Every structure is written in structure tokens, then in C-alpha cells.
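To start, the structure under review is shown below, and the notes come after it.
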Amino acid sequence: MKLPPDFRKRVLAREWLAGTFLNLGSPMTVEIAGLAGFDWVLIDHEHGPGGQDTLLHQLHAVSGTPAFSVVRIAMNETPRFKRVLDMGATGVMVPYVNTAAEARAAVQAMRYPPHGIRGVAKFNRGAGFGGDFEEYYAHAHERLLTVIQIETPEAIENIDAIAAVDGADVLFVGPTDLSYNMGIRDQLESPLFTETLKKVSDAAKQHGKAAGILVHNNALVPKVRELGYTFTALGSDGGAVRAGLLGFAAALKAK
């Protein structure tokens, strides 16, 4: 499996790249999303029900589509990075990063020595089961994407230091967690939240990184784009399925 040479470059160039979250643990919805026109998909292994067994099937599914795969791990722990990268993920999203030290630890876990501390095994899916290992080893630190989630007031206080970490490619706002932790639950269009979003995007731009966010409302897409967010996700497979089924049921029961 050869790593795409341009994905991380496009992200860092702050190209508009559209994604969605996949939290059902299903390879079928991963494949549907990958064929729907998204540039990237987020396979959620923080809140989603999937495990290591389902992840492999999900990565198989996305590899047959034009979309890039980013996996959200459950915690900023070194072994979790190794597992999903060896399976073939092209990026990792790291939740609840609050300090520059935590961001550096994430980047270190993403990269092989001498650039980091990722454990080396040649026979894995990410390296083409050994066939692509030399190229993978030489370029993984340049091509794998590290997405750092910003979800607390502490992270906002440290946003410039986090953004300055080499390899912290995307500062990705988790709007639900951040708004709850700020004490303004779901007030995503409030002046205070908008000001906070601007701080994140400004820090990202200043340090040559991308700003990212998940939105659940189509109407918020132009707003976050105007604020400088380019690595943007809209909705989820679970949300889409629920909305669709509710609509079907309502239509059938209408009198």
C-alpha cells in the first residue's frame, strides 16, 4: 500500500477538503461515503462502536474509493497509533489534546525513528505487507496526517503553542465538547464561540497549519469557511441514516 504523496500537502496548503464522520462501525457506510464525493472520511473509534476487527474492514472499504482515511483513536496513547497506522490509515485524529507536550507526544507516536517513536514492523498492511516498506519508512513522516483535536478551554489557552508543534498538521475543533466545556452548550453561533473559533483558525494560519471542524448543520458551512476552516466535516453516517429513516416513517404514516 503506497501512501498518497499529496494528501498532507493539500491539507497544509489549506485547500478546501470536505469530509464526514463515520460512527456506525460499518464498512458499508464507509464505502458509500467514500464514493459520495468526500475528499476524506473520519472513521470514529473514539465514540463509535467499532473495534480493531471492524476497523480493518472499514479501511478495506475506503481503499476502493477516492477518499482518504483518517481514524479517530480513543485516546492519545502510543500503542493506539501503531495499530491503526499499521492497518493502513492515512491519518489519525487525536482527541482531547490540551498542551503542546501532548501534541508532541501524538506526533512522536505517528513517526518512525529517527523522527519519532513508532514501533517498526515491516510486514503490515500500511507498508504493503513488506513490499512497500522502504518507501513507506522513508516518507511516512511526510505523508501521514496528524489531526489534533481542540476541545477544552485549556487547549484554547495553549493554542499558539500547540499550533507551533512541528507535525501537528490540523487543529480540529470538536464543537460539542468545546461548547460544553466552555459552559455554553451547543451555542455554536454565539459571539463567544465564534471568537474562540477565530483564535484557533488564526493560530493555525500563523504556524502554517490547517484549521478543521465538524459541523452538523448545512447553514454553518459558509460561516466556518469564512472563519478560515478548510479541513471541514459535515454530519455523520449515523445522523444521515436516522434522518432518512425518520423521514421515511413520517411519509408512510402521514394521513
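The values are calculated or read from the model by the stated rules, or taken from the named source; none is laboratory data. Computed from a prediction, not measured in an experiment: that's the story for all the values here. Here the Cβ is made from the backbone with ideal geometry for all residues, glycine too, and neighbour counts use every protein chain on show. SASA here: full protein model, heavy atoms, side chains in, ligands and nucleic acids out. Shrake-Rupley method; radii C 1.70, N 1.55, O 1.52, S 1.80 Å.
Net length available on complete extension from Tyr180 to Lys253 is 22.7 nm, with 0.36 nm assigned per residue and the Cα-Cα distance removed. Inverting the pair-averaged 1/r between distinct Cα atoms of segment 99-226 gives 16.0 Å as its Kirkwood hydrodynamic radius.
Using the Cα centre as the reference, give the magnitude of the dipole from point charges on the C-beta atoms of segment 104-174 (Lys, Arg: +1; Asp, Glu: -1; all else neutral), rounded to the nearest 20 debye.
About 380 debye.
Summarising the overall dimensions of segment 1-137 from its C-alpha atoms, the Rg and Dmax are 14.3, 39 angstrom. Computed from the Kirkwood radius of its Cα pairs, the Stokes-Einstein diffusion coefficient for segment 43-85 at 4 °C and 1.567 mPa s stands at 120 µm²/s.
Largest GNM mean-square fluctuation across Thr232, Thr146, Thr196, computed for the chain with C-alpha springs under 10 Å, falls on Thr196. Per residue, the average separation of C-alpha pairs within less than 8 Å and at least 6 apart gives segment 22-91 a relative contact order of 35 percent.
Normalised by the number of residues in the chain, the mean separation of alpha-carbon contacts (under 8 Å, six or more apart) gives a relative contact order of 21 percent.
With every protein chain in place and a 1.4 angstrom probe, the accessible-area ranking of Phe7, Phe129, largest first, reads Phe129, Phe7.
Just to be sure I understand: with springs between alpha-carbon atoms less than 10 Å apart, which residue in Leu192, Leu171, Leu17 has the highest mean-square fluctuation in the Gaussian network model of the chain? Maximum fluctuation in the GNM of the chain, among the listed residues, is at Leu192.
Close lysine pairs were tallied over the chain: pairs 8 or more places apart or on different chains with Cα atoms under 16 Å apart number 8.
Pairwise inverse Cα distances across segment 55-118, averaged and inverted, put the Kirkwood hydrodynamic radius at 12.3 Å. Placing a pseudo-label 7 Å from each Cα along the Cα-to-Cβ vector at Thr99 and Lys223 gives an inter-label distance of 3.3 nm. Of Arg8, Arg80, the order by accessible heavy-atom surface (1.4 Å probe, DNA, RNA and ligands excluded), from most exposed downward, is Arg80, Arg8. Between Ala161 and Glu15, the simple label model (points 7 Å from Cα in the Cβ direction) yields a spacing of 3.4 nm.
Our note on the geometry: Cα centres of segment 154-179 and segment 188-255, 17 Å apart. Can you find, among Phe68, Ala249, Ala106, the residue farthest towards the positive end of the dipole of the chain? Put +1 on the C-beta of Lys and Arg, -1 on that of Asp and Glu. Checked the options; the winner is Ala249. Dimensions of the chain from C-alpha coordinates, computed as largest minus smallest value along each principal axis and given longest first, are 63, 43, 28 Å. Computed about its Cα centre, the charge dipole of segment 2-57 is approximately 320 debye, with only Lys, Arg, Asp and Glu carrying charge at their Cβ.
Please identify every one of the chymotrypsin sites (Phe, Trp or Tyr not before Pro) in segment 32-126 that sits in a loop by DSSP and has no more than 15 other beta carbons within 10 Å of its own beta carbon.
Qualifying residues, ordered by number: Phe123.
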